Amino acid sequence: MSIELKLEHHSDDKVTVSVKGDIDMSSSKKARDTLTPLFQANNKAIIVDLSGVSCIDSSGIATLVEGLQWSHSSQNKFRLVSLTPGVKDVFEIARLLTVFEVFDTKEEALVN
Amino acid sequence: MAQPIKLSIPSHPKYLGLIRKVLQELLDYHEVPNETAMRLILCVDEACSNIIKHSYEGPCEEPIEATFYIDERDFKVQIRDYGKQCDSSEIMPRCLDQIKPGGLGTHFINEIMDDVSYCTERAKGTLLTMVKNLKGELTSVQEKNKE
């Protein structure tokens, strides 16, 4: 199953990435290939909108953890937005829900 | 236990979506609550991903055979591969205190399932058996439907 990733660049060096589809072993490479150049471009904040993702597995989580590591090493922000119940549950089982910055809406994530 | 449902997929990641969909339909048919269904689907997805990655290590046309058993008490799935055999004593979840990519699949399986076993007593490959007790879950759905 393929995923769609849509980028939206904002004027203050922030970028939102809207993901649509399941993030599993077959699609996590595409997600990584989209996110990695954003890490290298030194954006101040990367906001990943997961409202279009109903299913994520450990390979998808691994891709997002790479964003978290980038955030820690660069002092920039890596934020997740609009987790669906299934995705939120996977983060909870992985005990990562409190490790990431998670927001209900893109607007909140962009303002803070 | 009712007649099992069997599905065989090639060892290509693109078929993970297919096995998730089939299992979702099966669990919906048995009125397994959605949160539990998503967790069971995650375990099967992780098990198949591990086979693709660690057992077959690349080739995409090797068989992964899943057999699902479900009744009012239990969900059981057996997943058979014919690749490199694993040493079950080495399969263990990593420490979650370290925030790093990878290694969460085994944690998900052990956390969600009630019983997990790996059998390598065969010429090739591994038979993974995972069992989840559904008794409480399905009873609550049935009681809700009666109301």
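Numbers at a glance
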read-out	value
Degrees separating the helix A:28-40 axis from the principal Cα axis of chain A, which is the longest one	10
Estimated FRET transfer efficiency (B:Asp87, A:Lys44; beta-carbon r; R0 51 Å; 0.05)	0.65
Reachable aspartates and glutamates from B:Lys84, criterion Cα separation under 18 angstrom, eight or more residues apart if same chain	B:Glu46, B:Glu57, B:Glu61, B:Glu62, B:Glu65, B:Glu121
Order by protection proxy (mean Cβ within 10 Å, highest first), peptides A:49-58, A:88-97	A:49-58, A:88-97
Carbon + sulfur, % of accessible area of the protein assembly as shown - ligands and nucleic acids excluded, 1.4 Å	48
Net charge, B:Tyr82 excluded, C-beta distance under 13 Å - Lys, Arg +1, Asp, Glu -1	-1
Sites A:Glu8 and B:Glu35, calculated FRET efficiency, Cβ-Cβ separation with R0 35 Å, nearest 0.05	0.65
Gaussian network model of chain B, Cα within-10 Å springs - most flexible of B:Cys86, B:Cys95, B:Cys48	B:Cys95
Shielding by partners - mean other protein chain Cβ count within 10 Å, residues of A:55-65	6
The protein assembly as shown - share of DSSP beta bridges that are antiparallel (%, nearest 5)	70
Highest-MSF residue in chain B out of B:Tyr29, B:Tyr56, B:Tyr118 [GNM, Cα springs under 10 Å]	B:Tyr29
Per-residue mean of C-beta atoms belonging to partner chains within 10 Å, peptide B:5-15	2
For chain A, share of DSSP beta bridges that run antiparallel, in % to the nearest 5	30
Accessible area of the protein assembly as shown divided out per residue, in Å², using a probe of 1.4 angstrom	50
Violating pairs (Cα-Cα greater than 23 angstrom) within the set A:Lys88/B:Lys6; A:Lys30/B:Lys132; A:Lys44/A:Lys106; B:Lys76/B:Lys100; A:Lys6/A:Lys44; A:Lys20/B:Lys76	A:Lys88/B:Lys6; A:Lys30/B:Lys132; B:Lys76/B:Lys100; A:Lys20/B:Lys76
Value of relative contact order over chain B, rounded to a whole percent, pairs C-alpha under 8 Å and six or more apart	26
Per-residue average of Cβ from other chains inside 10 Å of B:39-52	3
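The values are calculated or read from the model by the stated rules, or taken from the named source; none is laboratory data. Quantities reported herein were computed from a predicted structural model and do not represent experimental measurements. For neighbour counting, all protein chains shown are included, and Cβ atoms are generated from backbone atoms with ideal geometry for every residue, glycine included. The area values use the complete protein model at the heavy-atom level, side chains included, leaving out ligands, DNA and RNA. Shrake-Rupley method; radii C 1.70, N 1.55, O 1.52, S 1.80 Å.
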